[in-house]
Amino acid sequence: MPGPRLFEPLTIDGLTLANRIVIAPMCQYSAVDGCMTDWHLIHLGQLALSGAGLLTIEAAAVVPEGRITYADVGLYDAATQAAMGRTLDGIRRHSDMPVGVQLAHAGRKASTDLPWHGGATIAPSSPNGWQTVAPSPLGFGADDTPPVALDRDGLAALRDAFAAAAKRAAELELDLVQLHGAHGYLLHQFLSPLSNRRDDAYGGSLENRMRFPLEVFDAVRAAFPAGKPVTMRVSGTDWVEGGWTIDQTVAFAQALEARGCSAIHVSSGGLDARQAIPVGPGYQVPLARAVKQAVGIPVVAVGLITEPDHAEAIVGTGDADLVAVARTILYDPHWPWHAAAALGGTVVAPNQYLRSQPRQYKDLLQPPVAR
């Protein structure tokens, strides 16, 4: 009998994943001046022992002003790179799980307070606040200080900042780079007609709205080593009439594939407060399915995927090639273990944890390959 599809290996470019479970990027709002702290070692370290196929570091801003909050992680200078390197060194001493990083710029959704302090926008004149930038001078909230519309020099500088961050990721020997083109952040802001009202070559038509995100992708792909994956996370729809749609997402995904994108991670929403999202288990899977049917590269589905049978059905039916988990694995850091037990798969576990093997699943936990 064949084993579960969820626990079959998958190779993306030159990177082989042990299974189809991806740990999605999850912002922790716990950095100091863009630098990772002990919290990140604890948080990412436990996830690196989870048995998933890939661990993705949270959104790392490519410039200080691209952070969502003043406590976001960055990868924009020697200090932020060194801090991330220390975290990676700690993880790699005890886990062989591949690690990627999401490179990001929050655009008009930057300069906000910590979520547990309410997450409100912080004015440029206030402590921990700064002037935001965007495709057009349209704030996310009605009371927000309007962002400054990026001019050609600003666009070129940010494109180069993404490339520089990708080079830093390469120096850290990260296995994968993901560009954040979703959730209402800068690259998504260029894509959506709700936030992009430009009348130059970067606004108006779909081709024009895709131009800057594609330029960023090209720059990052050129900066990150050949044979290592560069992927993109996209919002499949804004869930707002007149906004970004799944048909436009498909066109964007096809353009990315033509440029050498390694995989597409399909999420949704985040751009407009008017969004009406029909939240429920797997509510974004149809968006991933639509992209999967239009491209030949791997597609990642995400969003309220909490049950092993559901995850198995998503990859087993071909709706997506991988599933991503976030809140699910925060709640249950050994979710891949429990999914493997439920489906009849196996996972690699640290030698120190092998004694926890349940009697009824004697082959569930496999020791790591000797280094």
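The values are calculated or read from the model by the stated rules, or taken from the named source; none is laboratory data. Owing to the predicted nature of the structure, the values given are computational and were not obtained by experimental measurement. All Cβ positions, glycine included, derive from the backbone under ideal geometry; neighbour counts span all protein chains shown. In case anyone asks, the SASA skips ligands and DNA or RNA and just uses the protein heavy atoms, side chains included. Shrake-Rupley method; radii C 1.70, N 1.55, O 1.52, S 1.80 Å.
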>> Restricting to Cα pairs below 8 Å that are 6+ residues apart, what does the relative contact order work out to for the range 29-136? Please round to a whole percent.
In response: 30 percent
> Probe 1.4 Å, all protein chains in place: accessible area of Ile297 in Å², nearest 10?
Replying inline: 20 Å²
>> Regarding the range 219-338, what's the average projected area of the Cα-atom convex hull, expressed in nm²?
In response: 8.7 nm²
>> Straight-line reach from Lys109: which aspartates and glutamates fall under 13 Å, measuring Cα to Cα and dropping same-chain residues less than 8 apart?
In response: Glu65, Asp72, Asp143, Asp144, Asp272
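In a shell of Cβ-Cβ distance under 15 Å around Gly34, excluding Gly34 itself, what net charge do Lys and Arg (+1) and Asp and Glu (-1) give?
-2
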> How large is Rg over Rh for the range 80-214, taking Rg from the Cα atoms and Rh as the Kirkwood inverse mean of 1/r across Cα pairs?
Replying inline: 1.02
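Within the chain, what's the longest stretch lacking GluC sites (Glu not before Pro) that sit in DSSP loops with no more than 13 other Cβ atoms inside 10 Å?
Longest run free of exposed loop sites: 1-172.
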> In nm², what is the average projected area of the convex hull enclosing the Cα atoms of the chain?
Replying inline: 17.9 nm²
> What are the extents of the Cα atoms of the range 142-272 along their three principal axes, listed from largest to smallest and rounded to whole Å?
Replying inline: 42, 30, 26
> Modelled label-to-label distance, Ser205 and Val369, 7 Å Cα→beta-carbon offset: nm?
Replying inline: 4.9 nm
> What is the projected area of the convex hull of the Cα atoms of the range 242-310, averaged over all directions, in nm²?
Replying inline: 5.3 nm²
>> Please compute the modelled spin-label separation between Gln46 and Ser356, points set 7 Å along Cα→Cβ, answer in nm with one decimal.
In response: 1.0 nm
> So for the pair Ala156, Tyr283, with labels modelled 7 Å out along Cα→Cβ, what separation do we get in nm?
Replying inline: 4.3 nm
>> If the only charges are +1 at each Lys and Arg Cβ and -1 at each Asp and Glu Cβ, what is the size of the charge dipole of the chain around the Cα centre, to the nearest 20 debye?
In response: 640 debye
>> I'd like the carbon and sulfur percentage of the solvent accessible area for the chain, probe radius 1.4 Å, heavy atoms only, ligands and nucleic acids excluded.
In response: 53 percent
> With charges only on Cβ, +1 for K and R and -1 for D and E, what is the dipole size of the range 91-159 about its Cα centre, in debye, rounded to 20?
Replying inline: 300 debye
> Taking a 1.4 Å probe, which of Lys167, Lys109, Lys362 shows the most accessible area, and what order do the others take after it?
Replying inline: Lys362, Lys167, Lys109
> Under 27 Å from the Cα of Lys228, which lysines turn up, not counting those fewer than eight places away in the same chain?
Replying inline: Lys167, Lys292
> Between Gln293 and Ser125, what FRET efficiency follows from the Cβ-Cβ distance if R0 is 45 Å, with the result rounded to 0.05?
Replying inline: 0.35
> How large is the helix-only mean residue ellipticity at 222 nm for the chain, computed as the sum of -39500 (n - 2.57) over DSSP H runs with n ≥ 4, divided by its residue count, in deg cm²/dmol to the nearest 500?
Replying inline: -9500 deg cm²/dmol
> Put +1 on the Cβ of each Lys and Arg and -1 on the Cβ of each Asp and Glu in the chain; which of Pro229, Trp116, Ala18 then has its Cα farthest toward the positive end of the dipole?
Replying inline: Ala18
> What relative contact order, as a whole-number percentage, does the range 80-166 give when Cα pairs under 8 Å and 6 or more residues apart are counted?
Replying inline: 21 percent
> Do you know the relative contact order of the chain, to the nearest whole percent, from alpha carbon pairs under 8 angstrom that are 6+ apart?
Replying inline: 16 percent
>> For Ala349, what residues show an amide H to amide H distance below 5 Å, using hydrogens built from the backbone and excluding near sequence neighbours?
In response: Gln366
> When all alpha-carbon pairs of the range 53-139 are counted, what percent fall beyond 19 Å?
Replying inline: 46 percent
